[in-house]
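The values are calculated or read from the model by the stated rules, or taken from the named source; none is laboratory data. As the structure is a computational prediction, the values presented were derived from the model and not from experiment. Every residue, glycine as well, gets a Cβ built from its backbone with ideal geometry; the counts of neighbours run over all protein chains shown. Side chains included, ligands, DNA and RNA excluded: accessible areas come from the protein's heavy atoms. Shrake-Rupley method; radii C 1.70, N 1.55, O 1.52, S 1.80 Å.
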Amino acid sequence: MTETTLQSAGVDSYRARTALQQPAWPDAEALASVTDRLAKVPPLVFAGEADVLREHLAAAGRGEAFVLQGGDCAETFEEATADRIRNKIKTILQMSVILTYGASTPVVKIGRMAGQYAKPRSSDTETRDGVTLPAYRGDIINGSAFTPEARIPDPERMLEAYHVSASTLNLIRAFTHGGFADLRSVHSWNKGFAANPAYAKYEQMAAQIDRAVRFMAAAGGDFDALKTVDLFSSHEALLLDYERALTRIDSRSGLAYDTSAHFVWIGERTRQLDGAHVEYMSRIHNPIGVKLGPTAQPSEALALAARLNPDNIPGRLTFVVRQGADKVRDNLPPLVEAVRDEGVVVTWLSDPMHGNTFTSESGYKTRRFETILDEVAGFFEVHAAAGTVPGGLLVELTGDDVTECLGGTEEIDDEGLARRYETKVDPRLNHQQSLEMAFKVSELLSQG
Ligand code: PEP
Ligand code: CO
């Protein structure tokens, strides 16, 4: 019955299209057995929650909220521990308080968490010391160890991804609704950060936030309401076998939703208008994103909006811009202006990470803190000039003290990268760099 309804909702139409970046599963029967099981598991998120997020994203599109989307480039099963998850949530909450102050609006918090397990790769293979193996495509597909066995795509991993996502979400819900997220404790962590002499330049803003928090308390602010926050989940909807298997019909509206996360997006490598990813995403009703890299043309942006949001529903479609700091000031204006002039409703986010990746002399894939910040500044400048709204920020971060991105006040340099470089895919801002980014962006926001 439900399967019939799903099919009439068109959720299988993508199968007739070309899907890039998919694994070559070696055993079709094993795959079918997994997707059959996944089709019966409880949803990870509810359609009603995704609808709430859509409203928040719509508000961000109007400048009445600011989005912070943060988390790992690629989550791993092994790192889904209570400590690591707590540290990440803590970092996102701390950044949110700083950004709330700068933006003077609520901050919509979205984790790249509880499902960010599939990765697009620029090459199907990886060669080390003359040995060539299939590329690592994320824990939901194969293992990162450089052995032939680990690199074989294994559909059972999709079941594990579902269970690890469920336990991660459970922790997220517990941490954000169980007292941990109280504004006063989050703020006191920030005070600890700004008290470090190295970060003295942020002390003034931290003191201003402190006064604001104390004023709210003195004025009888409703701290009950400030004890809990909503942290939504998101990931790139890359692996269509998984996303399709978690698609459900919402019993209230009769519409199809991808219940693997509240917000799902199409990556830069899979946003072809006639491709399978755009087709699948056109059939679900979650709020969705599309990455727009340096090759994206205004006509493509308009065509994507027409395909993915034909009714122009506010909050349904987010464009995530990842141009590179050296290109954003030239490439973004025509995109923003075309969308504005057509009256197309989108929420604009800046992803200042993916256009700014390079290999350091010491051989690490890295990004420079100052360049990341420059792309955000360019993003704000372009919107200010066009009279449009910079709706938020996507950051690859971790709550731990890794050394993967260069720069910041701690001045991680080329040699410093070796100290604690842990990411399986892209370099992440560490805890301190993330907070510093929030203070800097907050300054830009309050000037704007
Ligand atoms: C990512 O967000 O990790 C990613 C792969 O980005 P993009 O699709 O923009 O390259
Ligand atoms: Co990445």
Q.
Test of understanding: what is the full-extension gain from Ser33 to Asp129, defined as 0.36 nm times their sequence separation minus their Cα-Cα distance?
A. 30.8 nm
Q | Between region 167-236 and region 9-73, the Cα center-to-center distance that results, in Å | A | 29 Å
Q. What are the residues whose amide H is under 5 Å from the amide H of Glu126, where those residues sit 5 or more places off or on another chain and H is modelled from the backbone?
A. Leu133, Ala135
Q.
How large a share of the accessible area of the chain, in percent, is made up of carbon and sulfur atoms when the probe is 1.4 Å and the other protein chains stay in place?
A. 51 percent
Q: Calculate, for the chain, the solvent-accessible area per residue in square angstrom, rolling a 1.4 angstrom probe over the heavy atoms of the protein chains.
A: 40 Å²
Q. Residue by residue, what Karplus-based ³J(HN,Hα) values in Hz, rounded to whole numbers, does region 125-135 have, using 6.51, -1.76 and 1.60 with θ = phi - 60° and x for Gly and Pro?
A. 10, 10, 10, 10, 6, x, 9, 10, 10, x, 5
**Q.** More than 22 Å apart - percent of Cα-Cα pairs taken over region 190-340
**A.** 58 percent
Q: Could you pull out every residue, at least 5 positions away or on a different chain, whose amide H is within less than 5 Å of the one on Leu292? Hs are placed 1.01 Å off N in the peptide plane, and Pro or chain starts have none.
A: Val320, Val321, Arg322
(Q) Out of the trypsin sites (Lys or Arg not before Pro) in region 93-175, which ones are loop residues according to DSSP with at most 15 other C-beta atoms within 10 Å? (A) Arg121
(Q) Taking θ = phi - 60°, what integer Hz values does the Karplus form 6.51 cos²θ - 1.76 cosθ + 1.60 yield along region 243-259, in sequence order, with x for Gly and Pro? (A) 4, 5, 5, 9, 7, 9, 8, 6, 5, 6, 9, x, 9, 7, 10, 7, 8
Q. If you plug each phi of region 195-200 into the Karplus form 6.51 cos²θ - 1.76 cosθ + 1.60 with θ = phi - 60°, what whole-Hz ³J(HN,Hα) values come out, in order, with x for Gly and Pro?
A. 6, 5, x, 4, 10, 4
Q: Provide the three semi-axes, in whole Å and in decreasing order, of the ellipsoid equivalent to the chain as defined by the square roots of 5 times the Cα gyration tensor eigenvalues.
A: 32, 26, 23
Q) By DSSP, what percent of the beta bridges with both residues in region 337-448 are antiparallel, rounded to the nearest 5? A) 40 percent
(Q) List the chymotrypsin sites (Phe, Trp or Tyr not before Pro) within region 78-178 that DSSP assigns to loop and that have no more than 16 neighbouring Cβ atoms inside 10 Å. (A) Phe146
(Q) Quick check on region 394-448: take the gyration tensor over C-alpha atoms, sort the square-rooted eigenvalues as a ≥ b ≥ c, and tell me if it's rounded (a/c under 1.5), prolate or oblate. (A) prolate
(Q) So if I place +1 on the C-beta of Lys and Arg and -1 on the C-beta of Asp and Glu, and nothing else carries charge, what would the dipole magnitude of region 321-392 be about its Cα centre? I want it in debye, nearest 20. (A) 220 debye
Q.
For region 67-214, compute the orientation-averaged projected area of the C-alpha convex hull (one quarter of its surface), in nm².
A. 11.5 nm²
Q | Amide proton proximity set for Lys365, modelled H, under 5 Å, gap of 5+ | A | Ser360
Q: Output the direction-averaged projected area (hull surface divided by four) of the convex hull of the alpha-carbon atoms of region 183-226, in nm².
A: 2.8 nm²
(Q) Are there any GluC sites (Glu not before Pro) in region 69-149 that are in a DSSP loop and have at most 13 other Cβ atoms within 10 Å? List them by number. (A) Glu78, Glu149
